[in-house]
Amino acid sequence: MARKVMSVDPYLEIKRMLAAGVSIRSIAAAKKCSRRTVREIRDGEFADPSKPKEIVGPVWAEQVDWQEILSDARLGHPIKYMWEDKYQEFVGYKNFLEQFHKRCPEFKQKTVIPRAFKPGDHCEVDYAGEKLGYYSPRRFVEVPVFVGILCCSQKIFATARPSMKSNDFLDSHREMYEFFGGVPKVTCPDNLKTGVMKAHLYDPDINKSYQEMTRYYGTVVVPTRVARPKDKALVENAVRLVMRYFRWKFRKHKFTSLAEINAALRKVCEIINSKQHTRFKISRQQRFLEIEKDQLQPLPSVSYEIAEWKQVKLHPDSHVSVNSQFYSAPHQYRGEVLSVKITASQIEVFRNLERIAVHRKVISPMGTYTTNTDHLPANGRAYYESVPQNLLSQARFISSDLNALIRDLFNEHTLGHLRRSQGLIREARRCINTHGRDQALPAITQAIVDMKRFNRIRVTHFKDLLKKYCQPSQTKVDRRIQRMPGNQNLRYAQPPK
């Protein structure tokens, strides 16, 4: 039977009783221990449990700087990388890890039960929790890292993107499939909004852009359960491997561009994929080439063009707003909610499943109008429609000058100036509500005169002019101290001049 270990409190109590002159027999009976133990404590032969035990290891362990290893481990660097960096030639990794766990048992990992996957079936994707960064000429830029893994061979892919938005998310998938040289049957993401619109245990709503891309590649999206990271445990471990090795390998390097970070990530993935796997006893790359590469579905002959879908409402001026640009659609559908497909080169407008408008994508300053004249009604017909007449009626009750200005704009082009007229009426009404009608009306009249004089009829200019003319006049106040004469309590009191 193993000897029972004595804790700190009984040990100190026995020491105190020995110092008080209590006999060994009485102490042993009181503390329920042997007299031999009491004699060893008295003679100093019993180890003090309050002091850490001195670990006696092999000769090579005395040459290791365990404090440096411990400090690096607390920074999150893997023990295996430290062993490869300095001690690989002297001792095997298993013995090195055993001695480290004896000195730092809090770093001992739990047992892991592996899952079994068929070749070419599953792929898991996720974003790393921490971001990488590079120094641009103006500021330090942080970028997210996208990681994917084939579940059977556990081949890892990683790339950095400027953001986690839909276009970057879809483009990361496209690059991952091309890196693997094929497409798995199932892609397992997290429940992020760019992938899953609404999470559900049995029937989740997949983002339309994401679903269209996966349908093009012939894979199926099966998201994990909410708050269940073990459903994609392989990619969680892959994220940890990639980020830890990246931090360790490039801990003394400063990046200056996103391309440089991606080159470093490709190098990290190449090193990890070429190393011998602990469980497989071969590298991930070798296992991929032997059993999984031929089981993947072939890539399409043409690479997928990234597309983003949005729901927009057709404005009364027969234009939809897409990323602060305006594109026309047939006027018959004004007021309806339409679907817009945004690609790198064009904008497509759909009503249900029917495409009703196609435009070249505008790369220019915000607020540019792209108009197909066939989508608009005749100007005379548009002038007498309810929306322009309603705006004229509102302007008539605000100011006759504003009504005349909007009438001139509508005579020039009704639908082209519809939004501008709405903005002018909104700013004029806001000025009246803030400063009162008596003060606002002269300001509105003067602002309209100035806009016509310089031919600069813009909503922002109208707003600035109203702010300028509605400021209350400031009168100068005499702030000199006036002292009353005859006050004997004031020193140097003098009558006012």
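Each helix, a run of at least 4 DSSP H residues, gives -39500 (n - 2.57); summed and divided by the residues of the chain, these come to -12000 deg cm²/dmol at 222 nm.
Couplings 3J(HN,Hα) for the stretch 449-462, derived from phi with the Karplus relation 6.51 cos²θ - 1.76 cosθ + 1.60 (θ = phi - 60°), are 4, 5, 5, 5, 4, 9, 6, 10, 8, 9, 5, 5, 5, 5 Hz, where x marks Gly and Pro.
Phi-derived couplings, Karplus 6.51 cos²θ - 1.76 cosθ + 1.60 at θ = phi - 60°, listed residue by residue for the stretch 397-402: 7, 8, 7, 5, 5, 5 Hz, with x used for Gly and Pro. Among ARG456, ARG240, ARG138, a tally of other beta-carbon atoms within 10 Å of each Cβ gives an order, fewest to most, of ARG138, ARG456, ARG240. Along its principal axes, the stretch 308-375 has C-alpha extents of 28, 22, 18 angstrom, given from the largest down.
Note on the stretch 128-239: semi-axes of the ellipsoid equivalent to its C-alpha gyration tensor, largest first and rounded to whole Å, are 23, 16, 15.
Residues whose amide H falls under 5 Å from that of GLU124, counting only those 5 or more places apart or on a different chain, are ILE149, CYS151, CYS188, with hydrogens built in the peptide plane. Working note: Karplus 6.51/-1.76/1.60 with θ = phi - 60° gives the stretch 127-133 the couplings 9, 5, x, 9, 9, 9, x Hz, where Gly and Pro are set to x. Excluding same-chain neighbours fewer than eight residues apart, the lysines reachable from LYS310 by a Cα-Cα span under 21 Å are LYS165, LYS193, LYS198, LYS208, LYS341, LYS361. Across the chain, C-alpha contacts under 8 Å between residues 6 or more apart give a mean separation that, scaled by the residue count, equals a relative contact order of 9 percent. Neighbour counts of C-beta atoms inside 10 Å place LYS118, LYS80 in the sequence LYS118, LYS80, starting with the fewest.
For LEU132, the residues whose amide H sits under 5 Å from its own are VAL143, VAL145, ignoring neighbours fewer than 5 places away on the same chain, with H placed 1.01 Å from N. So what is Rg over Rh here for the stretch 357-420, counting just Cα atoms and using Kirkwood for Rh? Computed over Cα atoms, the ratio is 1.06. Considering the stretch 134-195 at the alpha-carbon level, its Rg and Dmax are found to be 13.5, 44 Å. Once you list every other residue whose beta carbon is under 15 Å from the beta carbon of TYR202, what net charge do they have if Lys and Arg are +1 and Asp and Glu are -1? Its environment carries a net charge of 0.
In the neighborhood of TYR135, defined by Cβ-to-Cβ distances under 15 Å, what is the net charge if each Lys or Arg adds +1 and each Asp or Glu adds -1? Spelling it out: positives minus negatives among the neighbours equals +3. Taking all Cα pairs closer than 8 Å and separated by 6 or more residues, the relative contact order of the stretch 82-192 comes to 24 percent. Computing FRET efficiency as 1/(1 + (r/R0)^6) for PHE140 and VAL337, where r is the C-beta to C-beta distance and R0 is 51 Å, gives about 0.80. Relative to the longest principal axis of the Cα atoms of the chain, helix 418-435 runs at roughly 90 degrees. Relative intensity of the stretch 380-469 on a log10 scale, I(q)/I(0) at q = 0.11, 0.13 Å⁻¹, equals -0.27, -0.38, per a Debye sum over C-alpha point scatterers of equal strength in the absence of solvent. Size check on the stretch 59-107: the Cα extents along the three principal axes, sorted descending, read 24, 20, 17 Å. For the stretch 353-394, chymotrypsin sites (Phe, Trp or Tyr not before Pro) meeting the loop criterion (DSSP other than H, G, I, E, B) and having at most 15 other Cβ atoms within 10 Å: TYR384.
Pairs of Cα atoms nearer than 8 Å and 6+ residues apart set the relative contact order; for the stretch 107-250 it is 23 percent.
To the nearest ten degrees, helix 166-180 and the longest principal axis of the Cα atoms of the chain are 50 degrees apart. If the Kirkwood radius is taken over C-alpha pairs of the stretch 226-323, then at 37 °C and 0.692 mPa s the Stokes-Einstein diffusion coefficient equals 180 µm²/s. Taking amide H positions as modeled 1.01 Å from N, with prolines and chain starts lacking one, the residues under 5 Å from LEU338 and 5 or more places away or on another chain are VAL312, LYS313, LEU314. Shape descriptor for the chain: Rg over Rh equals 1.23 (Cα atoms; Rh from the Kirkwood inverse mean 1/r).
Values quoted throughout were computed directly from the atomic coordinates according to the rules given, and no laboratory measurement underlies them. Predicted model, so just to flag it, every value in this text is computed and none were measured. Don't worry about glycine lacking a Cβ; one is built from the backbone with ideal geometry, like all the others, and counts go over all protein chains shown.
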